[in-house]
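Participant: Let me begin by handing over the structure; questions about it come next.
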Amino acid sequence: MRATLAMLGPAFVASIAYVDPGNFATNFQGGAKFGFMLLWVVVLANVMAMLVQYLSAKLGIVTGRNLPESFRAHYPRWMSRGMWVQAELISMSTDVAEFLGAALALNLLFHVPLIIAGVMTGFIAFGILELRVHGYRRFEIAISALLGLIFLGFIYETFKIGPSASGVAGGLVPHLGGTESLYLAVGIIGATVMPHAIYLHSALTQDRVPVRDDRERTRVLRFERVDVIVALGVAGLINMSMLAVAAQLFHASGHTGIDTIQGA
């Protein structure tokens, strides 16, 4: 048990990408517009995320290289440079979404002007990143604590609101309700499987535990599977909770036009 706990961490850092503002937006909009209908999409997207993140982590453990280093080693220079440009653009676009989402959250929670909330977000972000200087463990614990806080908040809301059991069961059966629900389903998947998290996960595992032979490598991979299942499982429950809360609060009462976080 102690060995398992010691190995947990990289997937928790990567899993933060799966509860970002994009997930909030698509899950709340999907729940408000279509009720529990798209719950199965959330489950499917998170299963896909588990597979992709495990493969990324496995790459770092088995090869000792992260994903960009593997591209550089196996592909022509023009292709690896193209992937670099693509990765930079993805990182910038997702950073903007995360930064604005955090600033908006502080604005709504503490009623501070948005510009002040943006400055606060910057200080908080650099403060958390500073923990990485003192070793990966403090950084991972801080990120895991934030994920746990989100998890507890949404689980509390879910039990407080009490979503319909029959609605949840029906939402787990794959079906769509037209073109608009298809668009939202694609949006949910796109907001869940995040490219920057795939790059990150391989880098977090490549030098975390030195492995000397195949036996040790297999053991580390077994622990990493647990890490991915637990961390992405928590993120998946949060996403399901988001959609269920929106379905019960908004769709059931006829408020299907929720398209902003302020409106929610």
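The values are calculated or read from the model by the stated rules, or taken from the named source; none is laboratory data. Given the structure is predicted, the values throughout are model-derived calculations rather than measurements. All Cβ positions, glycine included, derive from the backbone under ideal geometry; neighbour counts span all protein chains shown.
Participant: Given the criteria free of Cβ contacts under 8 Å to residues at least 24 places away in the same chain, assigned to a helix (DSSP H, G or I), out of contact with any Leu (no Cβ under 7 Å at 6 or more places or on another chain) and polar (S, T, N, Q), does SER91 qualify?
Facilitator: So SER91 fails the test.
Participant: Turning to a different aspect of this structure: Looking at the range 199-212, is at least one residue assigned to a helix (DSSP H, G or I), more than 30 Å from SER70 (Cβ to Cβ) and at pLDDT 90 or above?
Facilitator: Checked against the condition, which is being assigned to a helix (DSSP H, G or I), more than 30 Å from SER70 (Cβ to Cβ) and at pLDDT 90 or above, the range 199-212 yields no hits at all.
Participant: Search the range 107-118 for residues that are at positive phi and assigned to a helix (DSSP H, G or I) and pair each with any residue that is hydrophobic (A, V, I, L, M, F, W, C) and at pLDDT 95 or above when their beta-carbon atoms are under 9 Å apart and the residues are at least 6 apart or on different chains.
Facilitator: The qualifying pairs do not exist here.
Participant: Confirm whether ASP95 is at pLDDT below 90, farther than 30 Å from ARG222 by Cα and either touching a Gly at 6+ places or on another chain (Cβ under 7 Å) or surrounded by fewer than 19 Cβ atoms within 10 Å (Cβ to Cβ) (or both).
Facilitator: Yes; evaluated as a whole, the condition is true for this residue.
Participant: Every residue in the range 191-239 that is of a type in the set (A, V, I, L, M, F, W, C) and farther than 19 Å from ALA14 by Cβ, please.
Facilitator: If the condition is that a residue be of a type in the set (A, V, I, L, M, F, W, C) and farther than 19 Å from ALA14 by Cβ, then VAL211 is the only one that fits.
Participant: Within the range 184-242, how many residues turn out to be farther than 15 Å from VAL19 by Cβ, of a type in the set (Ser, Thr, Tyr) and surrounded by 15 or more Cβ atoms within 10 Å (Cβ to Cβ)?
Facilitator: 3
Participant: Can you pull out every residue in the range 73-92 that is farther than 23 Å from PHE24 by Cβ and either surrounded by 14 or more Cβ atoms within 10 Å (Cβ to Cβ) or of a type in the set (Gly, Ala, Ser) (or both)?
Facilitator: ALA73, SER80, GLY82, MET83, ALA87
Participant: Out of curiosity, is PRO163 modelled with pLDDT of 90 or more, on the phi < 0 side of the Ramachandran plot and not in a helix (DSSP H, G or I)?
Facilitator: Here the answer is no, as PRO163 does not meet what is asked.
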